[in-house]
Amino acid sequence: MLKVNAPYSSDRSMNRTYAAVDLGSNSFHLLVVREVDGSLHIIDKLRERVRLAGALGPDHMLDPNQWGLAMSTLEQFGQRLKDVPQHRVRVVGTNTLRKAINREAFNRKADLALGHPIEVISGTEEARLVYLGVAHDLEDGGERRLVVDIGGGSTECIIGEGPTLLRADSLYMGCVEFTKRFFSDQEITTERMNEAVVAARLELGAVHRAYRNLGWHHSYGSSGTINAIQAVLTQNGKSEHCITADGLEWLVSQLAEAKRTTKLRLKGLKPERAAVFPGGVCILSAVFRSLKIEKMVASSSALREGVIYDLLGRQVDDVRDQTVRRMRDRYAADPRHAKRVENLALTLCERFADPFSLDSERAAPFLRWASQLHEIGKAVSYTGYHRHGAYLISNSDMPGFSHSEQKLVAAMVLGQRRRLHPDRLAELVGSGVHEAVRLCIILRLASRLNRTRSTKPRPPIDVQVDGKAIHLTFPEGWLDARPLTQGDLVMEAQSIGSAGFELSWT
């Protein structure tokens, strides 16, 4: 049974089902849980070793001829998720999908197979979710912890205290990637293992001093690789439910003696993991050496558990809202003006949602976030601040946001001024440009109608939409007393006209 804190549940008597899907570089995982009176009960777990990273070529293209197992797995997961409400399911893609140039084509097909949209998350966001999952698996004594997660395509290192992250990094090394690089022909030699360890230590070179300077009281590992290493050491009497530096040295010697991955016969090692096991052992050996770890305990929780807890946390205080507030304040945007724009944007959203074919529940948070951030580019320069703001949003670490969510907010900020060019927005959001353009129009109107930054209450505005024709009706005489607003509307009609929309008003 997973643990859940009381504040997550607004109605402790309700039974609610949640699901997380982790599209890892080595395996795909599905976790389904039910919240019952403040506790989370696992009701289903599915896993398939897909090794998606193996389909990624040197040109960073995912070979469509190798998508078969991935799609059939997602169809199975989709069948299991049919009875779980859409808003209680989160699907995350990790390193391989981050690197794949053609991930949008993969995601379109995968979305149809699964029945839910895939969020490709950044390495930093993956690290945050891993830590969230592991931290909930431990007693919260306020201790400082090191958490290491070795996946198929990346390794996440995190230091935190209780629920708070102090540092998080995602490194470009994983058990599948290292297998392709050093053990592709299944041959294991001492020389190859030394090369793999050195390569991993070089990857750690940029962060190891910072981690050792921060320090920690206990170290924990997550993911299948680390749990497999602990199982082998424990069942062979080299440690007791933990991983030690001495145990890792023994394991390296055993791998070298086997000479080939097909001949690995270690007690506790499942046959299906043998192929990628040497790469994972080399990475963990490098982590132990670079960070001078003596002992690590494997956790049964990892990314998918973190995704579940993050879903629950969004009911109380969405981490994305926290991220946006911090970014708004970092770049000294006026919070009172941002709130006025937000309030009008949300009001307009209610009027535009149906004629614009927008899902209001999905649109509202994006309008809220974009309103809060629409002026952050002024910290760089007033001239072109919409471009500066979009750049800052696109290229910042934004905890809680997937790549697609981050790009949509950036597109809205970019599209808030000057001519509205769908092609430029499509460079950020791809096939989601239809939604982006319509959200931009709502944000633009909310911003223009708050141009004077007046604190006086705004009168009701009637909105009528017929296809791409938009008509605004203001109270009689209101616009006559506001020539600046009239001028803005004239300019706005010309700007959105470049996207094929017509704006009129009375």
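Here's a check for you: in segment 455-466, which residue that is within 37 Å of the chain's Cα centre (by Cα) and surrounded by fewer than 14 Cβ atoms within 10 Å (Cβ to Cβ) is nearest to THR347 (Cα to Cα)?
GLN464
Of everything in segment 272-322, what is modelled with pLDDT under 95, surrounded by fewer than 24 Cβ atoms within 10 Å (Cβ to Cβ), out of contact with any strand residue (DSSP E or B) (no Cβ under 9 Å at 6 or more places or on another chain) and of a type outside the set (D, E, K, R)? Give them in sequence order.
Selection gives ALA274, ALA275, GLY313, GLN315, VAL316, VAL319, GLN322.
If you take the residues of segment 89-119 that are in contact with a His (Cβ under 8 Å, 6 or more places away or on another chain) and not in a helix (DSSP H, G or I), which of them is nearest to LEU62 (Cα to Cα)? Write out each step before concluding.
Start the filter on segment 89-119 by keeping residues that are in contact with a His (Cβ under 8 Å, 6 or more places away or on another chain), which leaves 89, 91, 98-101, 119.
Right, trim to not in a helix (DSSP H, G or I) and you get 89, 91, 100-101, 119.
Values: VAL89: 25, VAL91: 19, ALA100: 6, ILE101: 8, GLU119: 17 Å.
So, considering only residues that are in contact with a His (Cβ under 8 Å, 6 or more places away or on another chain) and not in a helix (DSSP H, G or I), the one nearest to LEU62 (Cα to Cα) is ALA100.
Does ARG448 satisfy being surrounded by 12 or more Cβ atoms within 10 Å (Cβ to Cβ) and touching an Asp or Glu at 6+ places or on another chain (Cβ under 6 Å)?
Working: surrounded by 12 or more Cβ atoms within 10 Å (Cβ to Cβ): yes; touching an Asp or Glu at 6+ places or on another chain (Cβ under 6 Å): yes.
Here the answer is yes, as ARG448 does meet what is asked.
Any chance you could count how many residues in segment 329-356 are free of Cβ contacts under 8 Å to residues at least 12 places away in the same chain and not in a helix (DSSP H, G or I)?
Total satisfying the criteria: 2.
One line per residue, one yes/no per condition, for (1) at pLDDT below 95; (2) under 19 Å from LEU129 (Cα atoms); (3) in contact with a Ser or Thr (Cβ under 7 Å, 6 or more places away or on another chain):
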position: MET14; (1), (2), (3): yes, no, no
position: VAL32; (1), (2), (3): no, yes, yes
position: ARG51; (1), (2), (3): yes, no, no
position: PRO64; (1), (2), (3): no, no, no
position: ALA70; (1), (2), (3): no, no, no
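Across segment 239-272, what is the total count of residues that are under 30 Å from ASN213 (Cα atoms) and either part of a helix (DSSP H, G or I) or of a type outside the set (Val, Ile, Thr) (or both)?
Looking only at segment 239-272, we keep the residues that are under 30 Å from ASN213 (Cα atoms), and these are 239-252.
Subset that is either part of a helix (DSSP H, G or I) or of a type outside the set (Val, Ile, Thr) (or both): 239-242, 245-252.
Result for segment 239-272: 12.
Which is closer than 15 Å to ALA338 by Cβ and free of Cβ contacts under 8 Å to residues at least 12 places away in the same chain, of SER381, SER454, SER447? Write out each step before concluding.
On the way: SER381 fails: closer than 15 Å to ALA338 by Cβ; SER447 fails: free of Cβ contacts under 8 Å to residues at least 12 places away in the same chain.
On inspection, the qualifying residue turns out to be SER454.
Kindly evaluate ALA275 against the criterion of being more than 30 Å from the chain's Cα centre (by Cα), part of a helix (DSSP H, G or I) and in contact (Cβ under 8 Å) with a residue 24 or more places away in the chain. Even if it seems obvious, please write down each step before you answer.
Working: more than 30 Å from the chain's Cα centre (by Cα): no; part of a helix (DSSP H, G or I): yes; in contact (Cβ under 8 Å) with a residue 24 or more places away in the chain: yes.
Criteria not met by ALA275.
Could you pull out every one of the strands (runs of 3 or more DSSP E) wholly within segment 142-222 that has 1 or more residues that are aromatic (Phe, Trp, Tyr)?
Working: elements: 144-150, 155-161, 164-171, 218-222.
Strands (runs of 3 or more DSSP E) meeting the threshold: 218-222.
Give me the residue from segment 335-355 that is within 22 Å of GLY389 (Cα to Cα) and not aliphatic (A, V, I, L, M) and, out of that set, nearest to the chain's Cα centre (by Cα). Walk me through it before giving the result.
Going through segment 335-355, the residues within 22 Å of GLY389 (Cα to Cα) turn out to be 335-346.
Those still in the list that are not aliphatic (A, V, I, L, M) too: 335-337, 339-340, 342-343.
Working: PRO335: 26, ARG336: 29, HIS337: 29, LYS339: 26, ARG340: 29, GLU342: 24, ASN343: 27 Å.
Once the filter is applied, the top-ranked residue is GLU342.
Scan the helices (runs of 4 or more DSSP H) fully inside segment 363-440 and keep the ones with 2 or more residues being touching a His at 6+ places or on another chain (Cβ under 9 Å) and within 25 Å of ARG351 (Cα to Cα). Talk me through it step by step, then tell me what you get.
Numbers: elements: 385-395, 403-414, 422-429.
So the answer is 403-414.
Looking at (1) aliphatic (A, V, I, L, M); (2) under 28 Å from ASP22 (Cβ atoms); (3) crowded, with 18+ Cβ neighbours inside 10 Å, find the lone condition where MET193 falls short.
Against the list (1) aliphatic (A, V, I, L, M); (2) under 28 Å from ASP22 (Cβ atoms); (3) crowded, with 18+ Cβ neighbours inside 10 Å, MET193 comes up short only on (2).
Which is over 27 Å from GLU75 (Cβ atoms) and either of a type outside the set (D, E, K, R) or surrounded by fewer than 22 Cβ atoms within 10 Å (Cβ to Cβ) (or both), of ALA168, ALA113, ALA100? Outline the logic, then answer.
On the way: ALA113 fails: over 27 Å from GLU75 (Cβ atoms); ALA100 fails: over 27 Å from GLU75 (Cβ atoms).
Criteria check complete, one pass: ALA168.
Do any residues in segment 461-490 that are among the basic types (Lys, Arg) have Cβ atoms under 8 Å from those of residues that are assigned to a strand (DSSP E or B) and exposed (fewer than 14 other Cβ atoms within 10 Å of the Cβ), where the two are at least six apart or on different chains, and which pairs are they?
Matching pairs, first to second residue: LYS468/GLU502.
The values are calculated or read from the model by the stated rules, or taken from the named source; none is laboratory data. None of the values given here were measured: they were computed from a predicted structure. Every residue, glycine as well, gets a Cβ built from its backbone with ideal geometry; the counts of neighbours run over all protein chains shown.
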